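One structure is given below, encoded as structure tokens.
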Amino acid sequence: MQLSVSANSNQPWNSTVPTLRLLRNCKTQNHLNQIHARIITTGLIANTSLTTKIVLSFISSPHSSLVRFARYIFFSHHALQDLRELEDPFLWNAVMKSFSHGSEPMRAVTLFSEMVENGVFVDRFSFSLVLKACSRLGLVREGLQIHGLLRKIELGSDLFLQNCLISWYLKCGCVELAHRVFTRMEKLDSVSYNSMIDGYVKCGMMNSARLLFDSMPVEEKNLNSWNPMIYGYAQSEDGLEVARKLFDEMPDRDLVSWNSMIDGFVKCGKMKDAHELFDRMPKRDAVTWASMIDGYGKIGNIEIASAMFEKILVRDVIACNAMMAGYLQNGHFMEALSTFHYMKGECNLIPDDTTLSIVLSAVAQLGHLDEGIEIHGYIEENMVFLGGKVGVSLIDMYSKCGSVDNAMLVFGNIKEKDVDHWNAMIGGLAVHGLGELALDLFMEMERIHAQPDDITFIGVLSACAHSGLVKEGIMSFEIMRRVHKLKPKLQHYGCIIDVLGRARRVEEAWRFIGEMPIEANDVIWRTLLSACNNHGNLSIGEAVARRLMNLDSGNSSTYVLLSNMYAGFGMWREVKMVRTMMKERKVKKIPGCSWIELEGMVHEFFVQDQSHPQVAEICSLLDNMS
């Protein structure tokens, strides 16, 4: 589209009026090129009044090309070129705001530094903008220098700037320094109190927040005072009652107040209280619905969660994510997948990282490789960043769907890997019995100084167990303890028992449990019992089985393993005794189950199961084969 740049017949050819009219309609790079060409050819580029208006018109535009052009005009025709602008920082501040509130806050700090070095007058707004940039970037050293400069000039006691300092200190995690500024202020307003209260709440210092809230003048209290207090108390079950009391005392409430209280009840699983507030709400938003759906999903009431989802008139990404997460947590993987397709299709919504992570987890559980490949194609087509949780979920999906090569390909293409990516890949290799490859990957982590965590070592130890790498497993356990100073958890001890048990070193595993600094749980004992069964160690197996029956008498696997072990030695009287014990204690054996995917559909089979719709054909085919 072309802009009309012809001058009115009553105006001289180089009049600024036509150009000023064009500024209001300018939106694209093409429009900018036309205006730029006009002001150059007419000589208006030297007209500081016009260029000032161009800067002010474009500098706060939502169109990035216009903002860049405004900055170009400022730096090439204004900055340090007009002596009058050394005394008036208005234009400098406008450009600095585009940096401090935009995508390049560091350039606001640089610009402020240039202003000070070149003698440009800096006012309270200049200081507030550079402190905003320091807050966003978490710059402590630079912020301290600015604070020092403020104390040297007359602006040091300015209430607005002191509030900016408090906000900056809190954003950088310097609560004590923020408190020091607060206590030295000659005058306090609601912003001063609210900033400190919010800072204390975010740091979990509820007692300090409450003391300040109670000491705050009543006339200064507003929603920004009450809401952080309610949110802070509602984060724990102990504080929920206090949060409700404050909520009931509030003179006014907004959506944040209601949602904070509902979120608190949801996190504590008190859905009856949450629903009571939900019904009373004068107005609801996407966060309200998502909280309720999430809450019902977490307590297993997926039907109510689904019914609430259906009641939402306009569904957004947050609500869809909450519904998908609920389905995933309750094992309704196909429904999670259907919701993903629904939000993309009927709702025409763009999935975010959380959406993609959830749907990939659902695909992984279903084993639908073709569906996973399709979603991977969508991710590549839309250039979704794989350096975060989406990359982790993609690796995990391919690993669980049996496509380790694709998982390795995704892993190799991620340039900025964090520990979760390494963990997903090591875990995937471990599941497929590729212990040496998993160990090589761990050694690569050590070589490039990537810091492992406790989950990394669970993956490595599990890989060693599945591949019979006893020496390597014990070495990895010692690296975790001695090199990385990580305290082993029950899962790590369980992995070592598995490593030793699979390698027929049952007696050593028995001794290892006795030397553990923490009490072994039923999983560890069951791992050892399984090893005893596999390698025919009856003496240790009987002792372990007795211990397990005392720990978890209702678990059928203990009885089954002991019975199998007796059967292996031909001890049929003892086998009968175990089975009688199961009947007396009403312990039922969970039937074995197998899954197979065929043309995108997963078929489930239990032992002696006749429920499959094609069971007759399946049995007939098996008879023919045999």
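Note on residue 614 and residue 36: the model spin-label points, each 7 Å out from Cα along the C-beta direction, lie 6.4 nm apart.
Solvent exposure of residue 557, expressed as accessible area, is near 40 Å², computed with a probe of 1.4 Å over the protein chains only.
For region 307-403, the list of GluC sites (Glu not before Pro) that fall in a loop by DSSP and count at most 11 other C-beta atoms within 10 angstrom reads 346. Relative to the longest principal axis of the C-alpha atoms of the chain, give the angle of the C-alpha long axis of helix 190-202, reported between 0 and 90° and rounded to the nearest 10°. The answer is roughly 20 degrees. Other residues within the sphere of radius under 13 Å centred on the Cβ of residue 384, judged by their own Cβ, net out at -3 (K and R +1, D and E -1).
By how many nm would the segment from residue 346 to residue 220 lengthen if fully extended, with 0.36 nm per residue of separation less the alpha-carbon distance?
Numbers: separation 126, 0.36 × 126 = 45.36 nm, distance 4.75 nm.
Full extension of this stretch gives 40.6 nm more.
Contact order, relative form, for region 389-473: 28 percent (alpha carbon pairs under 8 Å, 6 or more residues apart, mean separation divided by residue count).
Here residue 202 sits with roughly 150 square angstrom of accessible surface, probe radius 1.4 Å.
Rounded to whole numbers, the Karplus 3J(HN,Hα) couplings from phi for region 545-559 are 4, 4, 5, 5, 5, 6, 6, 9, 5, x, 8, 5, 4, 4, 5 Hz, using 6.51 cos²θ - 1.76 cosθ + 1.60 with θ = phi - 60°, and x at Gly and Pro. Note: relative contact order over region 228-339, using C-alpha pairs below 8 Å and six or more positions apart, is 19 percent.
Between residue 490 and residue 284, the distance separating the two model label sites (each 7 Å from Cα on the Cα→Cβ line) works out to 3.8 nm. Panel note: the C-alpha atoms of the chain, placed on their principal axes, show extents of 112, 62, 56 Å (largest first). Restriction of the GluC sites (Glu not before Pro) in region 443-522 to DSSP coil positions whose beta-carbon has at most 15 other beta-carbons within 10 angstrom yields 519.
A simple charge model with +1 on the Cβ of Lys and Arg, -1 on the Cβ of Asp and Glu and nothing else charged puts the dipole of the chain at about 860 debye relative to its Cα centre.
Approximating the spin labels as points 7 Å out from Cα along Cα→Cβ, the residue 589-to-residue 374 distance works out to 4.0 nm.
Among the chymotrypsin sites (Phe, Trp or Tyr not before Pro) in region 60-142, none sits in a DSSP loop with a Cβ that has at most 11 other Cβ atoms within 10 Å. Placing a label point 7 Å from the Cα of residue 504 along the Cα-to-Cβ direction, the residues of region 529-572 whose backbone N falls under 11 Å from that point are 535-536.
Given Cα pairs under 8 Å that are at least 6 residues apart, what percent is the relative contact order of the chain? Mind dumping the intermediate values first?
Values: 767 pairs, mean separation 24.5, N = 626.
Relative CO of the chain lands at 4 percent.
Note on the chain: dipole from Cβ charges, positive end direction compared against 521, 615, 572; the farthest Cα belongs to 521.
Averaging the Cα positions of each part gives two centres, and for region 357-404 and region 184-202 these lie 45 Å apart.
Could you tell me whether region 384-472 comes out rounded, prolate or oblate from its Cα gyration tensor? Rule is a ≥ b ≥ c as square roots of the eigenvalues, rounded for a/c under 1.5, then prolate if a/b exceeds b/c, otherwise oblate.
Details: a/c = 2.05, a/b = 1.32, b/c = 1.54.
It is oblate, given that a/c is not under 1.5 and a/b is not larger than b/c.
First measure r as the distance between the Cβ atoms of residue 103 and residue 409, then evaluate 1/(1 + (r/R0)^6) with R0 = 35 Å and state the FRET efficiency to the nearest 0.05.
0.65
How large is the charge dipole for region 82-187, taken about the Cα centre, if only the Cβ atoms of Lys, Arg (+1) and Asp, Glu (-1) carry charge, to the nearest 20 debye? Spell out each step's value before the answer.
On the way: 13 positive and 13 negative charges, 109 e Å.
In debye, rounded to 20, region 82-187 gives about 520.
Surface composition of the chain: carbon plus sulfur atoms hold 53% of the accessible area, using a 1.4 angstrom probe and ignoring ligands, DNA and RNA. In whole angstrom, how far apart do the alpha carbon centroids of region 241-257 and region 107-181 sit? Result: 34 Å between the Cα centres.
The values are calculated or read from the model by the stated rules, or taken from the named source; none is laboratory data. As the structure is a prediction and not an experimental result, all values here were calculated from the model. In this analysis, Cβ positions are derived from the backbone assuming ideal geometry, glycine residues included, and neighbour counts consider all displayed protein chains. What goes into the accessible areas is simple: the full protein's heavy atoms, side chains included, and nothing from ligands, DNA or RNA. Shrake-Rupley method; radii C 1.70, N 1.55, O 1.52, S 1.80 Å.
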